[in-house]
Amino acid sequence: MWIYFIILKNKAYPVKVEMNEQSEIKYKMNFNFIIPKEYCSTFQSIFTYIRKKYQVKFSRKSQIDSLLKKCKGKFFKTIHEVMNKCLNIVVKRLPQYFITNITIEYNQKYLGKNVIQIYQEFNNLPDFQSLQSNNIIKSNKEKLFCEFCSYSLFNLYDIFCESERFHKEIKDVKIQDGKRVGLLYEFVSLNFSAYYKYSKPHFIKNKEITSQSGNNENASKTNDNDVKKDTNIINKNNS
């Protein structure tokens, strides 16, 4: 069945890569134009160029965060369907806060893990040996499930990108949200794993800590000045 995207891994989804020759090819693209060198350094800069190129109006649907959530949601929906098709138990869904959290630092912790590790952490799913020994894996799906669970989420997503289901979902988004937003979604979805691989986490500065640190520095300077004054007074009295 087409739902088992793992078995479609040899059917490569045709992706045309158009990049400036002097730039390192990190991201996949399926557009008939070359991205200028100055826009090729980051995922965000390429996204911005594509949005300007196609004159996509700024909206919630066209934001990177919204598109990343859509990609992650569709990916894990497919994973969940595979889990339920391969196992003799009803697998509990992963928590919504995990699906909707698309921050770089959070996802980098999980994309190197396999699906069993993810479900174990959130849903107390038994480990693979327990699934086998308790006959929880359907006999006719055991080989498929073993291969499915052997990949990290990084690799599994790349395999997902080669599936017919992935190709169909891109078409559906273009129909539902419009062709221009669909093209942005296509770029984001093709490079979902690369986004987390090459992007650096964004750390929010704590204003209170910064302010407190500044106050401490000022206090330290004041204390130093007081010490100098006291020292001068002592030296005068001793002279």
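Measuring between alpha carbons in the structure, the pairs from LYS138/LYS179; LYS26/LYS109; LYS74/LYS141; LYS143/LYS168; LYS113/LYS138; LYS53/LYS113 lying more than 31 angstrom apart are LYS138/LYS179; LYS53/LYS113.
Would you tally the net charge around LYS77, using a Cβ to Cβ cut-off of less than 11 Å, leaving LYS77 out, and scoring K and R as +1, D and E as -1?
Working: positive: LYS70, LYS72, LYS74, ARG93, ARG165; negative: GLU81, GLU169.
So the environment of LYS77 carries a net charge of +3.
Using the Cβ of SER45 as centre and a radius below 12 Å, the other residues enclosed give a net charge of +3, where K and R count +1 and D and E count -1.
Within the stretch 5-198, the ratio Rg/Rh, alpha carbon atoms throughout and Rh by Kirkwood, equals 1.00.
Readers should treat all values here as calculations from the given coordinates under stated rules, not as data from a laboratory. It should be emphasised that the depicted structure is a prediction, and the values quoted were computed from it without experimental measurement. In this analysis, Cβ positions are derived from the backbone assuming ideal geometry, glycine residues included, and neighbour counts consider all displayed protein chains.
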